[in-house]
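Okay, so here's the structure we're looking at.
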């Protein structure tokens, strides 16, 4: 039985030592080069006396970062990817939470980090030409023998409601169960060429990374600027012969809005997976029309789960205004939908989506109080300890046994005495076919539902409201409209709702 994610890399090196593992456009590494660099770096980490401790990786996304992750796993510790575009104050807050004694960076970030980190800094450039000798191999072997599958493999820091980032800790077992399911479900092998979009500090990247390690796939790290220019992105997909993507929906939406697939197509694309936010059927139907032979899959999971806990492989037709299921539980994940009185919801009854199983995170690093609030005893099980994670997402089971996502509990508003999900309004907006993309915000000061949108022309408000009332009651129709050239995006590539809300506050 596999207990350590490094076993993926070791097996793949035996099978495909000289195959390109990762390509960041500027540089590429084979599987054997990653292993060699990682084991040399692991020796330096072990020398610092760390065990099951966090090691932050502080550099821009690229091949070297991938080698760092493997090195930290080899050393018996867990990696923490840091967004180097964050201000120093946020990075310092993360370091204060981690209390890490060691970080790994490159020369480009060395001086910056020295200004507020007084622990050991290892420069990746100093490791590139080191050969791991027999003594290092012995140290690594000793460490690997002590690792168990419930040890942490990585921690990702996500925004916290208190203003302080929270570090979600994921175990080896969570990643292994998820990857075994993903490789089997999507039939991934060494022929896969994956275009990575998700930043490494975003949990969606876990699928990309470990499909590369575990299946011998090639991972192409697409520079962030390509996603702002969809035509350039499609050219790169063809140049690199990309056949597998796992993207946030906004990337797919952007391509559809530009109607690019009428002009040029990703010629090699076979599997299109998406997660992170709602995928509107209006835009998915555009992709399905133009690339009808591709597999499409909608995945769902909060950061506190090992990437995803439900999956829907699109197997039927949907109208533009219909919502898309998030599907059924992934293998070894359990889904509960609980009502406000902690009862299992019936079919078509909305409740809070909760998760149990090996996909659960271990909790928040150095934050037992917050962990205890989110990871709680399963109220449906009074017989023995069983933790579930309460996602804060509202959902329901449909008649097919599929989970239907409704929206965030905190996107639920009370307006004119009615309880309303903003996600339902957004889905209705797209169903009108009046706009390309939309985001609905509630202005708590003015007590108004307001909408930001992208479209070729300004909306005719009267006609739009009339069309909206074919889908939702009058009290759910937005009353103010703001046309944008482009939406502000968060670091993870999602629409930045906080920035939009700031524009209408007051």
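The values are calculated or read from the model by the stated rules, or taken from the named source; none is laboratory data. Fair warning: this is a prediction, and the values are worked out from it, not measured in the lab. All Cβ positions, even for glycine, are placed from backbone atoms using ideal geometry, and neighbour counts span all protein chains on display.
Taking segment 292-315, which residues are within 12 Å of the chain's Cα centre (by Cα) and either under 22 Å from residue 436 (Cβ atoms) or assigned to a strand (DSSP E or B) (or both)?
Answer for segment 292-315, where residues must be within 12 Å of the chain's Cα centre (by Cα) and either under 22 Å from residue 436 (Cβ atoms) or assigned to a strand (DSSP E or B) (or both): 299, 300, 305.
Considering only residues that are over 23 Å from the mean Cα position of the chain (by Cα) and buried (at least 17 other Cβ atoms within 10 Å of the Cβ), look in segment 346-381 and name the one that is nearest to residue 166 (Cα to Cα).
Among them, the one singled out is 378.
Would segment 305-312 turn up any residue that is under 22 Å from residue 387 (Cα atoms), in contact (Cβ under 8 Å) with a residue 60 or more places away in the chain and out of contact with any strand residue (DSSP E or B) (no Cβ under 6 Å at 6 or more places or on another chain)?
yes
Evaluate segment 402-422: report whether one residue or more is more than 30 Å from residue 329 (Cα to Cα), surrounded by 19 or more Cβ atoms within 10 Å (Cβ to Cβ) and not assigned by TED's automatic domain parsing to the domain that holds residue 348.
No, segment 402-422 has no match at all.
Against the definition (assigned by TED's automatic domain parsing to the domain that holds residue 156 and either surrounded by 19 or more Cβ atoms within 10 Å (Cβ to Cβ) or touching a strand residue (DSSP E or B) at 6+ places or on another chain (Cβ under 6 Å) (or both)), how does residue 34 come out, yes or no?
It is true that residue 34 is assigned by TED's automatic domain parsing to the domain that holds residue 156 and either surrounded by 19 or more Cβ atoms within 10 Å (Cβ to Cβ) or touching a strand residue (DSSP E or B) at 6+ places or on another chain (Cβ under 6 Å) (or both).
Checking residue 218 against (1) at pLDDT 95 or above; (2) in contact with a strand residue (DSSP E or B) (Cβ under 8 Å, 6 or more places away or on another chain); (3) over 17 Å from residue 24 (Cα atoms), only one condition comes out false. Which one?
All conditions pass for residue 218, except number (3).
Report, by residue number, each residue of segment 459-506 that is within 31 Å of the chain's Cα centre (by Cα) and in a helix (DSSP H, G or I).
Within segment 459-506, 476, 497, 498, 499, 500, 501, 502, 503, 504 qualify.
If residue 318 satisfies all but one of (1) part of a loop (DSSP other than H, G, I, E, B); (2) within 23 Å of residue 273 (Cα to Cα); (3) in contact with a strand residue (DSSP E or B) (Cβ under 9 Å, 6 or more places away or on another chain); (4) modelled with pLDDT of 95 or more, what's the number of the condition it fails?
(3)
For segment 147-154, indicate whether the set of residues that are in contact (Cβ under 8 Å) with a residue 12 or more places away in the chain, surrounded by 12 or more Cβ atoms within 10 Å (Cβ to Cβ), within 21 Å of residue 90 (Cβ to Cβ) and within 17 Å of the chain's Cα centre (by Cα) is non-empty.
Yes, because at least one residue in segment 147-154 is in contact (Cβ under 8 Å) with a residue 12 or more places away in the chain, surrounded by 12 or more Cβ atoms within 10 Å (Cβ to Cβ), within 21 Å of residue 90 (Cβ to Cβ) and within 17 Å of the chain's Cα centre (by Cα).
Among what's in segment 440-456 and is part of a strand (DSSP E or B) and touching a residue at least 60 places away in the same chain (Cβ under 8 Å), pick the residue that is surrounded by the fewest Cβ atoms within 10 Å (Cβ to Cβ).
Applying the filter and picking the extreme gives 443.
How many residues does segment 77-109 hold that are more than 21 Å from residue 206 (Cα to Cα), in a helix (DSSP H, G or I) and in contact (Cβ under 8 Å) with a residue 40 or more places away in the chain?
5
Looking at residue 493 and the list (1) on the phi > 0 side of the Ramachandran plot; (2) modelled with pLDDT of 90 or more, which single condition is not satisfied?
Of the numbered conditions (1) on the phi > 0 side of the Ramachandran plot; (2) modelled with pLDDT of 90 or more, the odd one out for residue 493 is (2).
Out of segment 326-345, which residues are assigned to a loop (DSSP other than H, G, I, E, B), farther than 15 Å from residue 356 by Cβ and within 18 Å of the chain's Cα centre (by Cα)?
326
Results for (1) surrounded by 17 or more Cβ atoms within 10 Å (Cβ to Cβ); (2) in a loop (DSSP other than H, G, I, E, B); (3) in contact with a strand residue (DSSP E or B) (Cβ under 9 Å, 6 or more places away or on another chain), shown as yes or no for each residue.
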| residue | (1), (2), (3) |
| --- | --- |
| 17 | no, yes, yes |
| 38 | yes, no, no |
| 44 | yes, no, yes |
| 49 | no, yes, no |
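Just wondering, is there one or more residues in segment 431-438 that are in contact with a helix residue (DSSP H, G or I) (Cβ under 8 Å, 6 or more places away or on another chain) and assigned to a strand (DSSP E or B)?
yes
On the basis of being under 25 Å from residue 358 (Cα atoms) and out of contact with any strand residue (DSSP E or B) (no Cβ under 9 Å at 6 or more places or on another chain), does residue 180 make the cut?
yes
Does residue 66 qualify as being assigned to a strand (DSSP E or B) and in the same structural domain as residue 164 (by TED's automatic domain parsing)?
No, not satisfied.
Just to check your reading of the model, which residue among 459, 430 is under 25 Å from residue 348 (Cβ atoms), surrounded by 12 or more Cβ atoms within 10 Å (Cβ to Cβ) and outside the structural domain of residue 256 (by TED's automatic domain parsing)?
430
Restricting the search to segment 470-490, which residues are closer than 18 Å to residue 422 by Cα, out of contact with any strand residue (DSSP E or B) (no Cβ under 7 Å at 6 or more places or on another chain) and surrounded by 14 or more Cβ atoms within 10 Å (Cβ to Cβ)?
Scanning segment 470-490 gives 471, 472, 477.
Based on this model, can you work out whether residue 388 counts as surrounded by 21 or more Cβ atoms within 10 Å (Cβ to Cβ), in contact (Cβ under 8 Å) with a residue 40 or more places away in the chain, touching a strand residue (DSSP E or B) at 6+ places or on another chain (Cβ under 6 Å) and not assigned by TED's automatic domain parsing to the domain that holds residue 331?
No.
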